[in-house]
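Right, one structure below, let's go through it.
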Amino acid sequence: MSAGSPLVTDLVRQEIAASARLLVVKVGTRVLTADDGRLDHQQVARIAEQLCALRSQGRQVVLVSSGAVGAGVGQLGLARRPTDLAHLQAVAAVGQARLIEAYDRVLSRFGIVSAQVLLTADDLDHRTRYLNVRNTLRCLLEYGALPIVNENDTVAVDELMLTFGDNDALAARVTNLLCAPLLVILSDVAGLYDGDPKNPNARLVDVVWKIDRKVEQWVSDGRSQWTRGGMASKLRAAKAVTAAGENVIIAGGRQPDVLVRIMRGEPVGTLFVAQGKSVDPRRRWIGFSARPRGTIVADAGACRALVHQGRSLLPIGVVSVQGQFRKGDVVSVCDPSGKEIARGLTNYGSDEVERIRGLHSHQIAERLGHRPYEELIHRDNLLVWAADEADELGA
């Protein structure tokens, strides 16, 4: 029986659904709004009722919800979503209150307390703030509350202007922060297609065992005037979560009882299967939450040592340094072609790395006048991508 057979896929879905006592649900703007961009209160109620149904099964749920700008557009009677930052922030400020109110109205009928959690990218970049967010979310779940997470659009510039800040990325980070075994992304499309969903010959993909170049080529990143992101954004989120050892399902958010059906193990949407064992929480922060502050390019020998032998990164293996960073920052480690193979906490700032690159460790003190560390990045502070993702380096 092959790994891709329908029977195996069904069993995998059922196992994931049965074991996911904690899950993160991300709901996109187009799932919650009408064609004119205004918040669809009936649809919000349907999503909230499904969340209550999952809670009644004894599951813990964290909701990452878009829709604040859409709610603000409707509340203010605007004809279209603004494009400049100041107006976007103002509309988001109006809409966020309306969005939470719409969820809370339904959740309270089922005796569930909602909790608004607004985050910026900086909250997950810095280790202490990251841990504070994790502890807060865990405490809310212990209290039986349902956290509703969104970007703090009223103060976060990058989140509104760049795709880095879309809620797919936020949902992936929250999933990895909590080590949740399942992320469900509800979209306006039924899942991942092997072509343009508008093409009648395109087929819905039932399961993705590995996100490779072929899968990435299927994605077309269409956008509308109401939203940021797209399927490419969702694929990046799925890659970040599955690389950490968890599972992702992308499904159509307007399908009847879609969340309930997913958690029954039904073949809904596209399942992205976890890659390997679950990554420990500290390495998750290094690899999937903190944004790299710079790049260290390593030679082929050093890359082989990192990927295939589990070694630390030493100065002698460094070819070049890009960007400005300080000791303790997260940096990307790339091979000579520019492909990222790892992320880690650097023991030296960028100026020092530039001075000692290419040297043996015993030469560090001669160049810098001191040698606090032999390694640029110790293997305990590295998250290395899977060896089969760097097969061009050789075994």
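Values as computed for the structure displayed
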{"quantity": "Max mean-square fluctuation residue, GNM over the chain, Cα-Cα springs under 10 Å, options Leu271, Leu23, Leu131", "calculated": "Leu131"}
{"quantity": "Residues Glu266 and Lys339, FRET efficiency given R0 of 56 Å [Cβ-Cβ distance, rounded to 0.05]", "calculated": "0.90"}
{"quantity": "Calculated [θ] (222 nm, deg cm²/dmol) that DSSP helices of n ≥ 4 give over the chain, each run adding -39,500 (n - 2.57)", "calculated": "-11000 deg cm²/dmol"}
{"quantity": "Beta bridge orientation in the chain: antiparallel %, DSSP, nearest 5", "calculated": "40 percent"}
{"quantity": "Ascending count of other beta-carbon atoms within 10 Å, so fewest first, for Phe110, Phe272", "calculated": "Phe110, Phe272"}
{"quantity": "Spherically averaged projected area in nm², based on the convex hull that wraps the Cα atoms of the chain", "calculated": "20.4 nm²"}
{"quantity": "Amide hydrogen neighbours beyond the local backbone of Asn152, cut-off 5 Å, H modeled", "calculated": "Leu119, Thr120"}
{"quantity": "Highest to lowest packing among 356-365, 35-44, 295-304, 171-180, scored as the average C-beta count within 10 Å", "calculated": "171-180, 295-304, 35-44, 356-365"}
{"quantity": "Sequence-distant residues sharing a close amide H with Ala342 (under 5 Å, placed H)", "calculated": "Val333, Trp385"}
{"quantity": "Relative contact order, percent, the stretch 292-393 [alpha-carbon distance under 8 Å, six or more residues apart]", "calculated": "33 percent"}
{"quantity": "Listed residue (Thr33, Gly369, Pro281) projecting farthest to the positive dipole end of the chain, Cβ model", "calculated": "Pro281"}
{"quantity": "Choice from Thr120, Thr136, Thr29 with maximal GNM fluctuation in the chain (Cα, 10 Å cutoff)", "calculated": "Thr136"}
{"quantity": "Percentage relative contact order, the stretch 6-283, counting C-alpha pairs under 8 Å, at least six apart", "calculated": "23 percent"}
{"quantity": "Rounded tilt (10° steps) of 167-178 against the dominant C-alpha axis of the chain", "calculated": "70 degrees"}
{"quantity": "Within-11-Å neighbourhood charge of Arg311 [Cβ basis; K, R +1; D, E -1]", "calculated": "+1"}
{"quantity": "FRET E, pair Asp380, Thr83, Förster distance 56 Å, beta-carbon r, rounded to 0.05", "calculated": "0.75"}
{"quantity": "Ranked Arg55, Arg109, criterion: other C-beta atoms within 10 Å, fewest first", "calculated": "Arg109, Arg55"}
{"quantity": "Once the Cα gyration tensor of the stretch 292-393 is diagonalised, semi-axes √(5λ) in Å", "calculated": "21, 13, 12"}
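Taken together, the values in this text are just the output of simple stated rules run on the coordinates, not laboratory data. As the structure is a computational prediction, the values presented were derived from the model and not from experiment. Virtual Cβ from ideal backbone geometry, glycine too; neighbours counted across all protein chains shown.
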